[in-house]
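The values are calculated or read from the model by the stated rules, or taken from the named source; none is laboratory data. Remember, it's a predicted structure, so these values are computed and weren't measured experimentally. Positions of Cβ are generated from backbone atoms using ideal geometry, with glycine treated the same way; all protein chains shown enter the neighbour counts. Accessible surface areas use protein heavy atoms only, side chains included; no ligands, DNA or RNA. Shrake-Rupley method; radii C 1.70, N 1.55, O 1.52, S 1.80 Å.
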Amino acid sequence: MSTPPATTPATPETTEAPEFAAVREAALRAAAAAPGVRAAGGAAVDAALRTAADLLRERAADLLAANRRDVEAAERSGMAQGLLDRLRLGEERLADIAHQLEVLAATPEPPTEREVRTLPTGERVFERRVPVGVIGAVFEARPNVTVDVASQVLKARSATVLRTGAAALGSARALIELAIAPALRAHGIPEDAVQLVPLPGHAGADALVGLPDLVPLVVVRGSGEVTRRLSALGAAAGTRVLAHADGGGVLYLDASADPDTVTRLVHDSTDRLGVCNRLNLLLVDRPAHDRLWPVAERALRERGITPSLPPHTHRLGHEWALDSGAEAHVTVAQVDGAVDAATTASRETSGLAATVCATDEAAARAFIDAYTGTGVFWNATTRLLDGYKLLGLPETGINVDHTPGPRGPVTYPDLGLRQFVVLPPA
């Protein structure tokens, strides 16, 4: 008598949301491609970045057409002008993206290994930088960030899963399909190394910070509220999150400030209103208020910006770049000298960046020493707080954490892990 075949117990249908399933699938593909990125080596990655730059130029018409469709849809939905500015590519911005890829490809890599010491017993201790494997990124509807993050992660020898704002999904897909993926294929690098979450919705972002075994590190950019929530979700799941939450540049006008420099800094700091490092909070030294404020006010009016004057109905650090329809504002307040200005800037804002406008070196140094944010400038605009402008490299974001680790503009050398190697005596 034959034994009946064993039966497989029925498994309940999964109830995982479509967004979670899509992110998990993308993460699995990226994880499978990550060893291929590491094995390809620096020469292949740099060649792929140069090819991607060429393809951005060759296929500009198709890429700009995809972006126009995104922009037109966003306009129909009532998107604010500041956010539309971030979404729109244009020929000049696309050319800048291609140029930055070439700059990144030409950037010599720092040594992956350095000797630390020799132990008393003769063994040699080395410190190495090794790839993370898969790095996730959640960012707002800014098509250029798709290329910035993908290129930085590839240069760091890892794969990536990207989740962008729904308004830029068509542009991001075109950039990957028409430039990044074919460039990777052409140089023997798995094209699955750059994954785009294909579905809109916040659930995709939630899923990406909840897969530490597949995506141990996630760079998060966006509004403060959303970014802080994703950081908390990531911490609970065991995912390391590099958060770019709140932004907003500060300009302090010291009593020693030169009026022409005041005008220049206000102008230079407000050339774009939808970016995080623009002028957001203007602080004026109280004894010089009546002399300097009319100069600053005139410069703001020339830019079409309305000052928000005391008494304020909002906190001093309110970030106007994220206030849809009210981006053309700057908060103004008086302070009592350089130290009070720096302390106010550190306390009331995210600590992204602050500028002191002064001819008195002692006042400038006092401000610099007292400010605790990621970037501090003397007679230079906070718009310089940017990876490409400061370091000559695109950035994945700006980390304003008050903890050890990568802080300020985060570029590819920051996207690695430290490993110790101990070798026998020489």
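About the Cα centre of segment 260-306, what is the dipole size in debye to 20, counting +1 per Lys and Arg Cβ and -1 per Asp and Glu Cβ, all else neutral?
On the way: 8 positive and 7 negative charges, 22 e Å.
That gives segment 260-306 a dipole magnitude of about 100 debye.
Which one, Ala172, Ala65, Ala236, has the greatest fluctuation when you compute a Gaussian network model over the chain with C-alpha springs under 10 angstrom?
Ala236
Evaluate the distance, in nm, between pseudo-label points positioned 7 Å from the Cα of Gln419 and of Trp378 along their respective Cα→Cβ axes.
Distance between the two pseudo-spin positions: 4.3 nm.
Taking K and R as +1 and D and E as -1, what net charge do the other residues with C-beta under 12 Å from the C-beta of Ala236 add up to? It would help to have the intermediate numbers written out before the result.
Details: positive: Arg229; negative: Asp206.
Here the count lands on 0.
Mind checking the dipole of the chain: about its Cα centre, +1 per Lys or Arg Cβ, -1 per Asp or Glu Cβ, Debye to the nearest 20? Mind dumping the intermediate values first?
On the way: 42 positive and 52 negative charges, 144 e Å.
For the chain, the charge dipole is close to 700 debye.
For segment 187-212, list residues with backbone N below 20 Å from a point placed 7 Å from the Cα of Ser324 toward its Cβ?
Those under the cut-off are 199-206.
Among Ala61, Val194, Pro310, whose Cα sits farthest toward the positive end of the charge dipole of the chain (+1 at Cβ of Lys/Arg, -1 at Cβ of Asp/Glu, about the Cα centre)?
Val194
Mind checking the dipole of segment 269-426: about its Cα centre, +1 per Lys or Arg Cβ, -1 per Asp or Glu Cβ, Debye to the nearest 20? Working shown, then result.
On the way: 14 positive and 18 negative charges, 40 e Å.
Here segment 269-426 has a charge dipole of around 200 debye.
Pick from Ala168, Ala380, Ala26 the residue whose mean-square fluctuation is largest in a GNM of the chain, springs joining Cα atoms under 10 Å.
Ala380
Can you give the relative contact order of segment 330-392 as a percent, counting alpha carbon pairs under 8 Å and 6+ residues apart?
Working: 70 pairs, mean separation 20.9, N = 63.
Dividing the mean separation by the residue count of segment 330-392 yields 33 percent.
For Ala362, what charge total do you get from the other residues with a beta carbon under 13 Å from its beta carbon, if Lys and Arg give +1 and Asp and Glu give -1?
Working: positive: Arg365; negative: Asp254, Asp360, Glu361, Asp369.
Neighbour charge sum, excluding Ala362 itself: -3.
So, for the chain, what is the accessible surface per residue at a probe of 1.4 Å, expressed in square angstrom? Mind showing how you got there, number by number?
Values: 18640 Å² over 426 residues.
Spelled out: the 1.4 Å probe surface of the chain, per residue, equals 44 Å².
What translational diffusion coefficient, in µm²/s and rounded to a whole number, does the Stokes-Einstein relation yield for segment 353-426 at 10 °C and a viscosity of 1.306 mPa s, taking the hydrodynamic radius as the Kirkwood radius over Cα pairs? Spell out each step's value before the answer.
Numbers: Rh = 14.6 Å.
In µm²/s, the coefficient is 109.
Ignoring ligands, DNA and RNA, what percent of the accessible area of segment 188-284 is carbon or sulfur (1.4 Å)?
On the way: 1690 of 3100 Å².
Summing carbon and sulfur atoms, their accessible area is 55 percent of the total for segment 188-284.
How big is D, in µm² s⁻¹, for segment 183-338 by Stokes-Einstein at 37 °C and 0.692 mPa s if Rh is the Kirkwood radius over C-alpha pairs? Could you put the intermediate results ahead of the total?
Values: Rh = 18.4 Å.
So the translational diffusion coefficient is about 179 µm²/s.
Around Val335, under 14 Å between beta carbons, what's the net of Lys plus Arg minus Asp minus Glu among the other residues?
That sum, taken over residues with Cβ under 14 Å, equals -3.
Measuring from centroid to centroid over Cα atoms, what is the spacing of segment 292-354 and segment 129-167 in Å?
32
Pick from Pro110, Pro120, Pro216: which is most flexible by mean-square fluctuation in a GNM of the chain where alpha carbon atoms under 10 Å apart are linked?
Its mean-square fluctuation being the largest, the pick is Pro120.
Work out the charge dipole of the chain with +1 on the Cβ of Lys and Arg and -1 on the Cβ of Asp and Glu about the Cα centre, then indicate which of Ala235, Val330, Tyr252 is farthest towards its positive end.
Ranked along the dipole, the leading option is Ala235.
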